[in-house]
Amino acid sequence: MRLSPRLALAGLLVASATLPAFAFDEKEKKEIGEIVREYLIQNPEVLYEAQKEWNRRQEAKVAETREASLKTYLARIEEQQLHTVIGNPQGDVTLLEFFDYNCGFCRRALKDIDQMIKDDPKLKIVLIELPVIRPEESTGAAQVSIAVSRVAPDKFRAFHDKLLGSQTLATKASALAAAKAVGVDEAALKAGLNDPEIERTLVEAKQLADDLGVDATPTYVIGESVVPNTTAVVEDLKGRAAALRACGKAVC
């Protein structure tokens, strides 16, 4: 159907976001409103297209915020050694894992992490404590975890596997017991727990999680992609690592 000049004009008014502002009297405003309404009724797809464009712009803004937050945090991880790195510390691809010591899926993901390290000798994995399952208990365990990573980095992986692999509730007390069991010096660990940087690290990790939209564990971040845990997560992450090496993005 051919549009009348009035409807064509209405379409231009609706579609354009850059037209200068004009002063219309009440009669003109009413007439324009009727023209626009008539145009939209006859062309409802315009609303769908406008919504799609709005969503695209919003997603682009979110992606930009995520990228900036992640870039800043990765730089801080490198400079301050905020979290434990496993795999290859000089790896050409960095994978973040947000985890909670009271997360059952994180326990089961231990073998996935080991598999990825085995299959990809150039993969760098940063373990980020995100105590969200049982916040009070998990926070205590996370505090000990960060302290162990700083005072006894050579014993961290044994501590991590022991605490995360346990079937009992992870708390500050159980984390201290796990650290002692793997040979971490108690006095050094208790002194390390007084470092205010531990609390700042947890606060910043939570802020990063919020910026990235991470609210569950385990969640992985590789390149620009936030990847929730699934049964096929290992192959998913391998594919994204390969893409990063090929084109600089997790999805080419």
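Computed from the coordinates by the stated procedures, all read-outs in this text should not be read as laboratory data. All of these numbers come straight from a predicted model, not from anything done at the bench. All Cβ positions, even for glycine, are placed from backbone atoms using ideal geometry, and neighbour counts span all protein chains on display.
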ask   = Taking R0 as 45 Å, what's the FRET efficiency between ALA188 and ALA50 from their Cβ-Cβ distance, rounded to 0.05?
value = 0.15
message = How much length would be gained if the chain were fully extended between ALA242 and LEU110, taking 0.36 nm per residue of separation minus their Cα-Cα distance, in nm to one decimal?
response = 45.4 nm
ask   = Contour minus end-to-end for VAL203 and VAL234, with contour as 0.36 nm per residue of separation and end-to-end as the Cα-Cα distance?
value = 8.3 nm
Among ASN194, ASN229, ASN43, residue whose mean-square fluctuation peaks in a GNM of the chain (springs only between Cα atoms under 10 Å) = ASN43
query = In what sequence, highest mean first, do 104-114, 123-133, 172-182 appear when ranked by Cβ atoms within 10 angstrom?
reply = 123-133, 172-182, 104-114
query = How many nm separate the modelled label positions at CYS252 and GLU28, each set 7 Å beyond the Cα in the direction of the Cβ?
reply = 5.6 nm
Spacing of the two label points (7 Å from each Cα toward its C-beta) at ALA68 and ASP161, in nm = 4.2 nm
ask   = Taking a quarter of the surface of the convex hull around the Cα atoms of the range 205-252, what do you get in nm²?
value = 3.4 nm²
remark   = At q = 0.09, 0.14 Å⁻¹, the log10 of I(q)/I(0) for the range 102-252 from a Debye sum over equal Cα scatterers comes to -0.30, -0.73
key: Span-rule helices in the chain, defined as complete DSSP H runs reaching 18 Å or more along the axis (Cα) with Kyte mean at least -0.5   = 135-151, 197-212, 233-247
Dipole magnitude of the chain, debye to nearest 20 (Cβ charges: Lys/Arg +1, Asp/Glu -1, about Cα centre) = 400 debye
task = Decide, for the range 142-199, between rounded, prolate and oblate: order the square roots of the alpha carbon gyration tensor eigenvalues as a ≥ b ≥ c, take rounded if a/c falls under 1.5, and otherwise choose prolate if a/b is larger than b/c, else oblate.
result = prolate
ask   = Once fully extended, how much extra length lies between ARG57 and LYS180, figured as 0.36 nm per residue of separation less the alpha-carbon to alpha-carbon distance?
value = 39.1 nm
message = Quick check on my link table: of LYS61/LYS206; LYS61/LYS118; LYS52/LYS249; LYS206/LYS238; LYS71/LYS111, which ones sit more than 31 Å apart, alpha carbon to alpha carbon?
response = LYS61/LYS118
request  = Using only the alpha carbons, work out the radius of gyration and Dmax of the chain in angstrom.
outcome  = 26.0, 84
message = Can you give me the C-alpha center-to-center distance between the range 125-166 and the range 230-249, rounded to a whole angstrom?
response = 26 Å
